[in-house]
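Single-structure report; data block below.
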Amino acid sequence: MDLQQIRNFLKLAEELHFWKTAEKMNITQSALSRQIQSLEEELGLVLFERNKRNVKLTPAGDFLRDKWAVMLDELKFIHLFAKKISDGETGTIKIAHPDSISSSLLPNLLGKISARFPELQIELVQLLYENEQEFIKEYKIDLAFTRDINRLANISSMRVNSDQLAMLVPDDHQYHTYTDITPHNLQNEKFILPIVDHSSSYRNIVQDFFDTMGCVPHTVYHSDFGSTILGLVAKSLGLSILPLSYIHHQTPGIRFIELPFSTDLYVNWRTDDQSPVLKNVLQVIEQMADSGR
């Protein structure tokens with residue numbers, strides 16, 4: 001038996017009329033009769049009692065009508081769900097992101113993804129820079145937002161946007177504008193800076209600032225987690241340099257002073273990844289990048 005035979009049987013069980021059923025199923029009456037006969041022979045039972053005037057379901061046919069109707073509804077759901085998987089409309093995607101976009105780009109992105117693909121499940125993680133590359137290669141994550149330039153083979157990268165750097169100082173600090181920051185007074189400050197990693201292009205941008213000012217920062221804490229740095233700056237434990245987008249965290253007790261340095265945000269993924277979910281999410285990211293939001 002096949003699904004079409006079952007569909008024809010169910011329609012005949014509903015109509016109880018061979019000619020009307022054949023017309024609605026777009027087949028000939030003789031073809032319908034042969035299908036029902038073939039089904040009965042395969043099952044070894046009689047599905048319909050029929051004479052010249054009437055067609056009636058047998059008890060066995062009545063039982064199969066109920067069971068097969070439910071089965072076809074379940075199959076329809078299964079097939080629709082499989083189509084959604086194939087189209088990337090359902091499934092799970094794992095995204096790593098820096099803390100700097102947690103209150104700005106990331107909520108906007110997730111809102112757009114949810115609006116277009118409401119059945120997608122998204123797992124968000126925050127990783128150290130060196131772990132991001134390892135996790136992508138080992139299929140532990142699917143996408144990674146990063147401020148570092150990708151130099152690995154088999155990893156694709158797309159620039160998403162650019163963000164100004166800012167010096168973060170406590171509210172009661174003497175620095176109010178960029179002109180207040182001089183090489184001389186920087187020598188007296190304590191800093192909270194990224195963990196030293198010479199392969200990190202973002203870390204190099206931060207270092208470029210100090211090189212331009214002609215000073216070596218007195219670093220008292222190293223951290224790659226922005227939320228931690230915000231808390232330390234708010235407690236006057238040091239100054240820091242972070243992307244300006246951290247201002248959206250609205251941490252009290254901190255002043256942001258914009259610097260003439262910028263950092264790019266990229267998204268990285270495996271080049272050979274054919275996931276339809278990944279393709280859909282990348283399209284949303286690309287549209288956001290093109291619109292600048």
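Does L32 satisfy the criteria of being farther than 30 Å from E138 by Cβ, in contact with an Asp or Glu (Cβ under 7 Å, 6 or more places away or on another chain) and surrounded by 14 or more Cβ atoms within 10 Å (Cβ to Cβ)? Steps first, please.
Working: farther than 30 Å from E138 by Cβ: yes; in contact with an Asp or Glu (Cβ under 7 Å, 6 or more places away or on another chain): no; surrounded by 14 or more Cβ atoms within 10 Å (Cβ to Cβ): yes.
Spelling it out, it is not the case that L32 is farther than 30 Å from E138 by Cβ, in contact with an Asp or Glu (Cβ under 7 Å, 6 or more places away or on another chain) and surrounded by 14 or more Cβ atoms within 10 Å (Cβ to Cβ).
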Task: Answer from N185, N154, N150, N161 - the residue that is modelled with pLDDT under 95, on the phi > 0 side of the Ramachandran plot and not charged (D, E, K, R) - done: N154
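Report, by residue number, each residue of the range 114-148 that is in a helix (DSSP H, G or I) and aliphatic (A, V, I, L, M).
In the first step, residues of the range 114-148 are kept if they are in a helix (DSSP H, G or I); the result is 114-116, 129-137.
Those that are in a helix (DSSP H, G or I) and aliphatic (A, V, I, L, M): A115, I136.
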Task: Qualifying residues in the range 183-236 (those that are small (G, A, S) and over 19 Å from D171 (Cβ atoms)) - the one surrounded by the fewest Cβ atoms within 10 Å (Cβ to Cβ) - done: G214
Open item on the list: If D272 satisfies all but one of (1) at pLDDT 95 or above; (2) not assigned by TED's automatic domain parsing to the domain that holds Y178, what's the number of the condition it fails?
Closed with: (1)
TODO: Report, ordered by the first and then the second residue, all pairs with beta carbons closer than 9 Å, sequence separation of six or more or different chains, a first member in the range 70-83 that is assigned to a helix (DSSP H, G or I), and a second member that is not basic (K, R).
DONE: M71/I6; L72/L3; L72/I6; L72/L10; L75/L3; F81/T90; K83/E89
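Looking only at the range 84-113, which residues are on the phi < 0 side of the Ramachandran plot, outside any helix (DSSP H, G or I) and in contact with a strand residue (DSSP E or B) (Cβ under 8 Å, 6 or more places away or on another chain)?
Step one: filter the range 84-113 for residues on the phi < 0 side of the Ramachandran plot, giving 84-87, 89-90, 92-113.
Retained after the next criterion (residues that are outside any helix (DSSP H, G or I)): 87, 89-90, 92-98, 102-104.
E89, T90, T92, I93, K94, I95, A96, H97, P98, listed by residue number.
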- [ ] For the range 40-66, enumerate the residues that are touching a residue at least 12 places away in the same chain (Cβ under 8 Å), exposed (fewer than 13 other Cβ atoms within 10 Å of the Cβ) and not charged (D, E, K, R).
- [x] N54
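Which residues, counting only those in the range 133-148, are surrounded by 15 or more Cβ atoms within 10 Å (Cβ to Cβ) and farther than 14 Å from S100 by Cβ?
Of the residues in the range 133-148, the ones surrounded by 15 or more Cβ atoms within 10 Å (Cβ to Cβ) are 133, 135-136, 141-148.
Correct list: Q133, F135, I136, I141, D142, L143.
The values are calculated or read from the model by the stated rules, or taken from the named source; none is laboratory data. Small disclaimer: the values here were computed from a predicted structure and weren't measured. Don't worry about glycine lacking a Cβ; one is built from the backbone with ideal geometry, like all the others, and counts go over all protein chains shown.
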